[in-house]
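Only one structure is covered here, and it is reproduced in the block below.
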There are 2 protein chains.
Amino acid sequence: MNKKLLSQNGHRLTKQRCSIFEALDLHPQSVAEIKDVLEKKEETVDKTTIYRTLEYFSQLNLINKTHFNGVTAQYELASPDHHHHLICNNCGSVEDVPLNEKLLLAQVKRKSNFEVKNHSLEFFGLCPNCQ
Amino acid sequence: MNKKLLSQNGHRLTKQRCSIFEALDLHPQSVAEIKDVLEKKEETVDKTTIYRTLEYFSQLNLINKTHFNGVTAQYELASPDHHHHLICNNCGSVEDVPLNEKLLLAQVKRKSNFEVKNHSLEFFGLCPNCQ
DNA sequence: TTAGATGCAAAAGATTTGCATTATG
DNA sequence: CATAATGCAAATCTTTTGCATCTAA
């Protein structure tokens, strides 16, 4: 966990933040899932705190928030290498895959005056186990 | 509106379904937005009916459901030409852009055993008006 | 010590469910 | 006229807000 980021700006490194950060290390998760994971480890954290902490991590660019699974937001650690998701329609598992999308961005530039800041790309289908 | 699809299987072409389908013709919208549009035309339809109708249209592949704007789902008419979205962070407008993603799919195939059924690709940034 | 962080309760927003009533085919 | 579709109320689920209390620095 990036303690540097937390020590500046008067931010505090609390045990709740550590717990939540550790939980995220596993895989992309929703607030409810994070809560369950922590409860099993007897590190119960209120859901409001989880929401606020995830928002806080997002602003520090430590995590990313996605909505590809429907109404419920999923959060995952931001990784330095930009990657995309392979989401299994059957078991819900999420695999990461690094892709080179330079060509796509060039296409957008050619076809529109839109100024792209970032993008999201997800593939849905069947993972090796569920095929 | 595709009356053929509705006349088979005992499906019924009701005035609510026609109203909702017309509203979707405008641009991708949420249930609340559809409701507002219809209310202004004095064609008030209950939100439950809108949800059920959109689910029904989805199953007939007449529309697609996305979650790129957060918790609230957006629905848009399915168009035969596969395209992607340019979503303005400032005004929320959605522009469509057709892209050739064959190269991406080939990359996925090379890097994983995942069996891709479909995908979603969205770009976020600033539209020409908001730059 | 003190401002930032947490927990609890309650509100707000999105979606779903149950059931009686309506209206299409 | 049979049953698919609708409307209304209430439930459920996710997220946000307000406020008193706690605690890291």
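The values are calculated or read from the model by the stated rules, or taken from the named source; none is laboratory data. Quick caveat: nothing in here was measured; it's all calculated off a predicted structure. Note that each Cβ is placed from the backbone with ideal geometry, even for glycine, and that neighbours are counted across all protein chains shown.
Tabulated values for the structure
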read-out	value
Single residue of region B:54-106 satisfying the filter (on the phi > 0 side of the Ramachandran plot and in the same structural domain as B:Ser30 (by TED's automatic domain parsing)) that is farthest from DNA strand D (Cβ to nearest atom)	B:Asn61
Region B:66-107: number of residues that are touching a strand residue (DSSP E or B) at 6+ places or on another chain (Cβ under 6 Å) and either of a type in the set (Lys, Arg) or within 20 Å of A:Leu86 (Cα to Cα) (or both)	6
Residue within region B:89-100 that is among the β-branched types (Val, Ile, Thr) and either within 27 Å of A:Cys88 (Cβ to Cβ) or more than 14 Å from chain A (Cβ to nearest Cβ) (or both) present	no
Residue selected from region B:101-129 under the condition over 14 Å from the mean Cα position of the chain (by Cα) and touching a residue at least 24 places away in the same chain (Cβ under 8 Å), by the criterion farthest from the other protein chains (Cβ to nearest Cβ)	B:Asn129
Selection within region B:98-131 - closer than 16 Å to A:Lys109 by Cα and buried (at least 16 other Cβ atoms within 10 Å of the Cβ)	B:Leu99, B:Glu101, B:Leu121, B:Glu122, B:Phe123, B:Phe124, B:Gly125, B:Leu126, B:Cys127
Enumeration of residues in region A:19-42 that are of a type in the set (S, T, N, Q) and within 13 Å of DNA strand C (Cβ to nearest atom)	A:Ser19
Failed item, numbered, when B:Asn64 is tested on (1) surrounded by fewer than 15 Cβ atoms within 10 Å (Cβ to Cβ); (2) more than 9 Å from every other protein chain (Cβ to nearest Cβ); (3) in contact with an Asp or Glu (Cβ under 8 Å, 6 or more places away or on another chain)	(1)
Region A:21-50 - residue that is surrounded by fewer than 14 Cβ atoms within 10 Å (Cβ to Cβ) and of a type outside the set (D, E, K, R) and, of those, farthest from the other protein chains (Cβ to nearest Cβ)	A:Thr44
